[in-house]
Structures are given as structure tokens and as C-alpha cells.
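Enquirer: Encoded as C-alpha cells, here's the structure I'll be asking about.
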Amino acid sequence: MRSGNPALKQDTFLDLNSGRVLAGDPRAMSLNGTVNKTGLLLLLAVLTAAFSWHASLDANGLPLPAARLYLLGGAIGGFILAMVTIFKQQWAPVTAPLYALVEGLFLGAISALYEARFDGIVLQAVILTFGTLLALLAAYRSGLIKATENFKLGVVAATGGIALIYLTTIVLGLFGINIPYIHDSGLIGIGFSLFVVVIAALNLVLDFDFIESGVDNGAPKYMEWYAAFGLMVTLVWLYLEFLRLLSKLQSRD
């Protein structure tokens with residue numbers, strides 16, 4: 001089992017002490033349970049996102065200083081909780097909901113900042129994100145898209161390359177150096193964002209396959225929370241990439 005999502009790596013469903021898959025647990029992970037918990041995490045994120053959205057814009061739709069506070073606090077808090085969840089999967093029933101709440105603060109603030117500059121962009125990004133989720137889920141369930149080993153290797157490699165580019169951008173940015181073209185609204189920048197959106201979307205297929213494998217292998221019940229968390233990580237990434245892509249397209253108008 002392989003996933004480009006760092007939260008859903010190859011040994012997630014393994015007993016790290018024995019190396020054997022956990023199976024036969026009467027309280028095993030189920031698909032319905034994972035779906036329900038994913039829905040709950042999304043609901044929690046939407047609630048806090050709505051709060052930070054309204055706290056980030058004034059009556060005229062202009063950004064308030066609080067926006068940066070929610071943006072920074074949500075990003076740092078979400079990252080810390082994500083790392084804790086990844087390394088302590090057993091804590092997922094507690095850390096995954098906390099991650100959703102904190103990540104919602106970040107998403108609401110960054111969405112407000114985008115909306116203040118590009119009217120209507122958030123609704124478009126939300127529709128595209130969930131439309132992509134439903135389309136790929138239907139394609140996966142119908143067998144139109146199969147998570148073969150070569151498919152997984154390609155998506156994982158591309159995801160790693162994108163992560164390296166983003167990390168390099170952050171490091172160079174600390175020294176006032178910007179990578180040209182790919183973050184601009186030119187054709188190369190738009191093409192790069194399209195590529196990233198496609199890779200983020202394909203990670204959903206790997207996540208579906210990974211969750212299905214966990215259910216088939218009888219992973220313990222708490223893995224429903226962990227799998228829901230992992231799927232949400234991909235959805236957040238996809239949503240942010242749609243925002244970036246749409247902002248580049250609208251900048252050219």
C-alpha cells in the first residue's frame with residue numbers, strides 16, 4: 001500500500017512492533033465509519049472556517065489585522081497537530097478533530113484574503129474541490145481508474161517533486177530570492193498550477209485505495225479517524241491549489 005499523502009504511508013496499517021497487519025479485531029475499521037468521520041472533520045473545519053472568515057473581513061469586505069493572526073496560528077497549529085497525528089495514529093480520535101478545528105481557522109482566513117482580492121473565487125474553489133472528489137471517487141469505484149503500482153509510484157514521485165519545489169521556495173524566500181515563472185500568472189505559472197492540481201487530485205485515488213486496503217485488512221477502529229484525517233489533508237491541499245490556480249487565471253483578466 002502506497003500513498004503520496006504523508007499521512008497515509010506504506011506502514012500505516014502495520015503493527016510497528018511485529019510488522020504484521022492488524023487483523024481480526026472485532027472493532028475493526030469500516031468504510032462507513034471512515035466516511036462518517038470524514039464528514040464530521042469537514043463539518044468541524046467549516047465551522048471554524050466560517051468564524052475566522054467573518055473575523056478576517058470588515059463590513060466592506062476588506063481584510064482585518066486579525067486575518068494574519070488566524071492565518072499564522074492556524075497554519076502552525078495545524079502543522080503541529082498533523083505531525084502528532086502522523087506519528088501517533090492511536091491518538092487520532094482526539095488529534096484529528098482538533099486538527100480539523102485549527103485547520104479551519106487557517107482555511108477561513110486565507111479564503112477571506114483571496115476573496116477580498118478576487119470576488120467569487122472561494123465558491124469556485126469549493127465547487128471544484130468537491131466536484132473533483134466526487135468525480136474521482138466515482139471513477140475509482142467503477143474501476144475506470146485503478147491504483148496500480150506504477151500509478152502509485154508516478155504520483156508519489158510527482159508529489160515529492162512538488163514538495164521539494166515548495167520547500168525550496170520557502171527557503172529561498174527567507175533570503176529574498178523568488179523562483180521565477182512558476183509562481184507568476186503567466187502561462188508557465190498557470191501550467192505549473194494545473195500540474196499540481198492534477199497531482200493533488202490523483203492523490204485522492206491513492207487515498208481511496210489506501211483506505212479500502214485498511215478496511216480489507218481489518219485495521220483497528222481508531223484508524224477510521226486516522227484515515228479521515230489523511231483524506232482531509234489531501235482535500236485541504238487540493239482546495240488551496242485550486243485557489244492558487246484560479247487567482248492566477250483571474251490575475252490575467
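The values are calculated or read from the model by the stated rules, or taken from the named source; none is laboratory data. Values in this document were obtained by computation on a predicted structure and should not be read as measured data. When we count neighbours, we look across all protein chains shown, and the Cβ atoms used for this are built from the backbone with ideal geometry, even at glycine. Note: areas computed on protein heavy atoms with side chains; ligands, DNA, RNA excluded. Shrake-Rupley method; radii C 1.70, N 1.55, O 1.52, S 1.80 Å.
Enquirer: What are the lysines whose alpha-carbon lies under 20 Å from the alpha-carbon of residue 88, with same-chain residues fewer than 8 places away excluded?
Expert: 9, 37, 221
Enquirer: With just the Cα atoms of the chain, tell me how far they stretch along each of the three principal axes, in Å, largest first.
Expert: Taking the Cα atoms of the chain, the three principal extents are 57, 38, 36 Å.
Enquirer: Could you tell me the distance between the Cα centroids of the range 28-65 and the range 158-208, to the nearest Å?
Expert: 25 Å
Enquirer: Also: For the chain, what is the calculated [θ] at 222 nm in deg cm²/dmol (nearest 500), taking -39500 (n - 2.57) for each run of four or more DSSP H residues and dividing by its residue count? The partial results should precede the final answer.
Expert: Details: 7 runs with 181 residues, N = 253.
Calculated from helices alone, the mean residue ellipticity at 222 nm is -25500 deg cm²/dmol.
Enquirer: If I ignore ligands, DNA and RNA and count only protein heavy atoms, how much of residue 148 is accessible to a 1.4 Å probe, in Å² to the nearest 10?
Expert: 70 Å²
Enquirer: Determine the order of 166, 239 by accessible area, beginning with the largest, at a probe radius of 1.4 Å.
Expert: 166, 239
Enquirer: Expressed as a whole percentage, what fraction of the accessible surface of the range 84-140 belongs to carbon and sulfur atoms when a 1.4 Å probe is rolled over the protein heavy atoms?
Expert: Working: 1940 of 2620 Å².
Heavy-atom surface of the range 84-140 belonging to carbon and sulfur, 1.4 Å probe: 74 percent.
Enquirer: Further question: Any chance you could look up the accessible area of residue 237 with a 1.4 Å probe, heavy atoms only, rounded to 10 Å²?
Expert: 60 Å²
Enquirer: Looking at the square roots a ≥ b ≥ c of the eigenvalues of the Cα gyration tensor of the range 113-174, which shape do they give, rounded for a/c under 1.5, prolate if a/b is larger than b/c, or oblate? Intermediate values should be presented prior to the final figure.
Expert: On the way: a/c = 6.34, a/b = 1.17, b/c = 5.44.
Oblate is the answer for the range 113-174, as a/c is 1.5 or above yet b/c matches or exceeds a/b.
Enquirer: In debye, nearest 20: dipole of the range 28-251 around its Cα centre with unit charges on the Cβ of K, R (+) and D, E (-)?
Expert: Values: 10 positive and 12 negative charges, 24 e Å.
Value, rounded to 20: 120 debye.
Enquirer: Using amide H atoms built 1.01 Å from N in the peptide plane, name the residues 5+ places from residue 28, or on other chains, whose amide H lies under 5 Å from its own.
Expert: Residues meeting the criterion, in which the H sits 1.01 Å from N, do not exist here.
Enquirer: Also, I was wondering about something else. What percent do you get for the relative contact order of the range 28-251 when only Cα pairs under 8 Å and 6+ apart count?
Expert: After rounding, I find 33 percent.
Enquirer: Residues of the range 28-251: accessible area per residue at 1.4 Å, in Å²? Can you show the working numbers first?
Expert: Working: 10800 Å² over 224 residues.
The answer is 48 Å² per residue.
Enquirer: Could you report the accessible area of residue 190 in Å², rounded to 10, computed with a 1.4 Å probe on the protein chains as they sit in the structure?
Expert: Using a 1.4 Å probe on the heavy atoms, I get roughly 20 Å².
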